[in-house]
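Reviewing the structure listed below.
The values are calculated or read from the model by the stated rules, or taken from the named source; none is laboratory data. The shown structure was predicted, so the numbers you read here are calculated from the model rather than taken from an experiment. Every residue, glycine among them, receives a Cβ derived from its backbone with ideal geometry; neighbour counts consider all protein chains shown. These area figures cover heavy atoms from the full protein model, side chains too; ligands, DNA and RNA do not enter into them. Shrake-Rupley method; radii C 1.70, N 1.55, O 1.52, S 1.80 Å.
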Amino acid sequence: RFQRAYQPPRPGLAPNENDGWPDIPNPTCIHGHAVLERFPWVRDVPDARFVTFLRDPLAGAVSLWRYQRRLVPWDPSGPRAAAKEVARVEDWLIGHYNHNRYGKWFARSGRSLEQYFLVGLVERFDESMRVLFHMCQWPVTAYKQENQAQGPAPAVDPTIEAEFRRLNAGDYALWIRAGELLDGHLRRIAGPTG
């Protein structure tokens with residue numbers, strides 16, 4: 001009863017288990033990048049637990065640029081230019097990136113960051129997983145990192161970085177707040193200190 005939700009079904013393409021087709025009746029867990037687009041009804045499930053991970057917005061934007069540039073072919077149906085079509089990361093960061101996308105995601109989900117069961121941080125993945133295991137009362141399970149970029153990320157000019165931070169001030173505030181909430185969870189797990 002584990003439903004993947006990475007790509008919505010597309011006419012003419014056969015079901016692909018990795019993308020999460022076909023749909024599973026009454027899934028226990030839905031995981032992916034397209035959860036609300038594929039299954040908008042989850043917003044109305046009263047006891048649904050929403051879990052997500054945030055990443056430093058600049059690191060996430062650069063990673064998305066690198067990822068999309070590798071895709072062949074790219075689906076150009078989105079409202080903004082695909083990174084595949086933008087040669088310079090600086091142009092992507094300022095002119096084409098979906099600024100404050102975390103804030104838009106929380107708005108679409110109908111829940112604030114504080115209303116999520118857990119908002120983990122990519123940069124603090126091990127700590128985030130420790131909190132999730134504890135909150136769900138799961139046994140600690142070994143996991144491994146996958147889908148990591150090969151080679152260093154391109155350097156970003158400090159002027160461009162400052163402008164990106166200005167354009168994404170809302171997402172930086174959410175990322176910082178998620179770190180504060182994660183710190184609170186970790187303190188509760190550790191219990192009172194002597």
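Residue check: Arg70 meets all listed conditions (1) touching a Lys or Arg at 6+ places or on another chain (Cβ under 9 Å); (2) at pLDDT 90 or above; (3) open to solvent by 80 Å² or more (accessible area, probe 1.4 Å) but one, namely (2). Scanning the stretch 106-128 for residues that are part of a helix (DSSP H, G or I) and of a type in the set (S, T, N, Q) returns Ser109, Gln115, Ser128. Being closer than 25 Å to Leu58 by Cβ, of a type in the set (Val, Ile, Thr), in a helix (DSSP H, G or I) and at pLDDT 90 or above: is that true of Val131 here? Here the answer is yes, as Val131 does meet what is asked. Across the stretch 127-154, the qualifying residues are those that are of a type outside the set (S, T, N, Q) and surrounded by fewer than 10 Cβ atoms within 10 Å (Cβ to Cβ), and the one among them that is farthest from Ile94 (Cα to Cα) is Pro139. When the stretch 26-48 is filtered for residues that are more than 17 Å from Arg111 (Cβ to Cβ), of a type outside the set (Gly, Ala, Ser) and part of a loop (DSSP other than H, G, I, E, B), the ones remaining, listed by number, are Asn26, Pro27, Thr28, His33. Scoring Asn147 on the criteria (1) more than 20 Å from the chain's Cα centre (by Cα); (2) at pLDDT below 95 leaves a single failure, condition (1). Only one of the numbered conditions (1) at pLDDT 90 or above; (2) open to solvent by 40 Å² or more (accessible area, probe 1.4 Å); (3) under 28 Å from Phe2 (Cα atoms) is not met by Ile94, and that is (3). If you take the residues of the stretch 155-183 that are open to solvent by less than 40 Å² (accessible area, probe 1.4 Å) and not in a helix (DSSP H, G or I), which of them is nearest to Val122 (Cα to Cα)? In this case the residue turns out to be Asn168.
Take the conditions (1) closer than 27 Å to Val89 by Cα; (2) modelled with pLDDT of 95 or more; (3) surrounded by 13 or more Cβ atoms within 10 Å (Cβ to Cβ); Trp105 misses just one of them, which is (2).
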